[in-house]
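The values are calculated or read from the model by the stated rules, or taken from the named source; none is laboratory data. These figures come from a predicted structure and were not determined experimentally. Here the Cβ positions follow ideal geometry from the backbone for every residue, glycine too, while neighbour counts run over all protein chains shown. Accessible surface is based on the protein model in full, side chains and every heavy atom, while ligands, DNA and RNA are left aside. Shrake-Rupley method; radii C 1.70, N 1.55, O 1.52, S 1.80 Å.
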Amino acid sequence: MKKLFLVLTVLCFTLAFRAHSQCEADHLIILNNFEFVPSELTIEPGETVAFVNIEGEHTLNGITNSISGEPFNNPIDIFLEQSSGNSDGVCMGIVSFDTAGIFNFDCSVGYNAVAGMNLTVTVDAFDLNDLMIDMYNTQEVP
């Protein structure tokens with residue numbers, strides 16, 4: 001089963017290569033039949049994420065949970081309109097994540113969210129603790 005998942009993942013990235021050239025960003029998330037690939041991503045503030053649809057009808061919904069109807073309460077509301085994917089890949093858009101926090105998304109088309117089409121992007125800010133660790137690690141030992 002792991003081999004099948006690996007083969008499908010490689011195939012998805014290969015198919016999306018053409019769309020990636022028109023949708024360049026620091027990171028790439030592929031939307032295909034009922035899933036975001038990858039479904040979890042950790043990035044730094046200021047990095048960009050390209051969303052490429054290679055199969056089906058999809059949105060990037062970061063406003064209201066399509067299952068519960070409750071707001072996601074993301075640091076910033078993000079929504080990319082519905083698009084139709086194809087084998088060449090369709091660039092849905094590029095999102096710049098400038099605000100630190102955890103962003104949750106689903107696909108609000110049909111029953112995609114119910115089928116498990118969910119995404120979490122963690123924008124991990126560099127904090128004082130990180131600075132102290134870096135300073136400690138770069139100090140010269142006599």
Discussion item. Run the Debye formula on the Cα coordinates of the range 61-126, all scatterers equal and no solvent, and tell me log10 I(q)/I(0) at q = 0.26 1/Å.
Written reply: -1.22
Worksheet item: In the neighborhood of T59, defined by Cβ-to-Cβ distances under 10 Å, what is the net charge if each Lys or Arg adds +1 and each Asp or Glu adds -1?
Response: -3
Worksheet item: Roughly how many percent of the accessible protein surface of the range 50-101 is carbon and sulfur, given a 1.4 Å probe and a whole-percent answer?
Response: 47
Worksheet item: Counting Lys and Arg as +1 and Asp and Glu as -1, what is the net charge of the other residues whose Cβ lies under 11 Å from the Cβ of D98?
Response: -2
Worksheet item: Per residue, what accessible area does the range 37-140 have, given a 1.4 Å probe and all protein chains present, in Å²?
Response: 55
Worksheet item: Compactness ratio of the range 25-134: Cα Rg over 2.2 N^0.38 Å, N = residue count?
Response: 1.10
Item to complete: Just reorder M117, M132 by solvent-accessible area, largest first, 1.4 Å probe, all chains present.
Response: M132, M117
Worksheet item: Using a Förster distance of 25 Å, how high is the FRET efficiency between Y136 and A100, based on the Cβ-Cβ distance and rounded to 0.05?
Response: 0.65
